[in-house]
Amino acid sequence: PDLSDAKNLEVLNLARCESLVEIPSSIRNLQKLEELNMDFCRKLKVVPTHSNLASLVSLTMMGCWHLKKIPDISTNITTLSITDTMLEGLLESVRLWFGLQFLDIYGSINVYHAIAEIYLKGRGEDIKKIPDCIKDLDGLKELHIYGCPKIASLPELPSSLKRLMVDTCESLET
């Protein structure tokens, strides 16, 4: 679809567009777009890069099996949910998103073995819980948690962890 004239679009849900191979380049015109959902776009291979969607804060991709690279479409992502994909270079992209508050990665095999360090830096009440699936990150060597006053406990951690740094987490009990 041509999205050139949809300049006020705030949410684009393409979930279950199973024949969609490419997100139209006209997505670059959606400067008010806040949420993009591409769940189960099983044939999706191309998302236009360098779109600089300044308002985009939420990106969801589940079951995008043919998508190999995470789209470089916004530096303001706060919520990223990736499930059952085979993305490459995810960590390089995530490092550029300084405002990332919620990261959900599940069933993305190319990611798990590669994650060696995680830095969680909260802004007051942003981060309340570390997901239990962190124990499955068998390559994780370092976990840094800063400024997360709402975290009360830590989940089971992977045996590969060599360094745990926790600072300014006032509610942490266990």
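We did not get these values from a lab; they are worked out from the coordinates using the rules stated. Only a predicted model underlies this, so the values are computations on that prediction, with no experimental measurement involved. For neighbour counting, all protein chains shown are included, and Cβ atoms are generated from backbone atoms with ideal geometry for every residue, glycine included.
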* Structure fact -> To the nearest 20 debye, the chain has a Cα-centred charge dipole, built from +1 on Lys and Arg Cβ and -1 on Asp and Glu Cβ, of 280 debye
* Computed FRET efficiency, Cβ-Cβ of Glu142 and Asp104, R0 22 Å: what is it to the nearest 0.05? -> 0.60
* Structure fact -> Taking a ≥ b ≥ c as the square roots of the eigenvalues of the Cα gyration tensor, with a/c under 1.5 meaning rounded and otherwise prolate when a/b exceeds b/c and oblate if not, region 115-174 is prolate
* **Taking all pairs of distinct alpha-carbon atoms in the chain, Kirkwood radius in angstrom** => 17.1 Å
* Multiply the residue separation of Glu170 and Lys150 by 0.36 nm, subtract the distance between their alpha-carbon atoms, and state the gained length in nm to one decimal. => 6.5 nm
* Asked: What is the distance, in nm, between label points placed 7 Å from the Cα along the Cα-to-Cβ direction at Tyr119 and at Glu22?
  -> 3.6 nm
* Asked: By how many nm would the segment from Lys162 to Glu10 lengthen if fully extended, with 0.36 nm per residue of separation less the alpha-carbon distance?
  -> 50.5 nm
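Near Ala152, within a Cβ-to-Cβ distance under 11 Å, what is the net charge of the other residues, with Lys and Arg +1 and Asp and Glu -1?
Summing Lys and Arg as +1 and Asp and Glu as -1 gives +1.
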